[in-house]
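Notes to accompany the following structure.
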Amino acid sequence: MSDLRELYQEVILDHYRKPRNFTVLRDATGEGVGHNPLCGDRVRVWVKIGDEGVIEDVAFQGEGCAISTASASLMTEAVKGKTVDEAEDLFARFQSMLTGDDGEHPDLGKLEALAGVREYPIRVKCATLAWHTLHAALARRAADAGTGGVVSTEMS
């Protein structure tokens, strides 16, 4: 096994065992609930968007496999401090890494630890569940003009 693959596995296990931002965000401006019925993964994502459209805070809670939990944890770290548009772009690039080309993605940072999921198509939904849930929460927030509605997303 290569040193890089071992490092990636360590990153995934670390974020699974000690997920970052695994809490309830009481002053959230948007919230989403996600479920993957194929494996039972469930996630709730809270996001707080500032006046300038910057993600000031993001948190999650849920139950899921190591990939799902690690991906949610890594996602919260990756999008905090980014604008909504930057977070949406990051989601698109992350999803492309998992479903598209085999090229390198140096601009994805720690998210590259999940690149190996691409080899297991059934697990891609585990890795993207929190991202789809964040996307839905951001879309709902925009539609509600900041009323903080909860939106649900289900993977199929």
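No lab work stands behind these numbers, since they all come straight from the coordinates. Computed from a predicted structure; not experimentally measured. With ideal geometry, Cβ positions are generated from the backbone for all residues, glycine too; neighbour counts draw on all protein chains shown.
Here's the list of lysines a cross-link from residue 110 could span, going by alpha-carbon distance under 22 Å and ignoring same-chain residues fewer than 8 apart: 18, 80, 82, 125.
On the basis of the beta-carbon distance and an R0 of 30 Å, residue 10 and residue 89 show a calculated FRET efficiency of 0.65. Close amide-amide hydrogen proximity is noted between residue 41 and 36, each under 5 Å apart and 5 or more residues distant or on a separate chain (H modeled in the peptide plane; Pro and chain starts excluded).
Take 122-133, 59-70 and order them by the average number of nearby Cβ atoms within 10 Å per residue, most first; the result is 122-133, 59-70. For the pair residue 23 and residue 54, label points projected 7 Å from Cα toward Cβ lie 2.0 nm apart.
The mean sequence separation of alpha-carbon pairs under 8 Å and at least six residues apart, normalised by the residue count of the stretch 3-142, gives a relative contact order of 30 percent.
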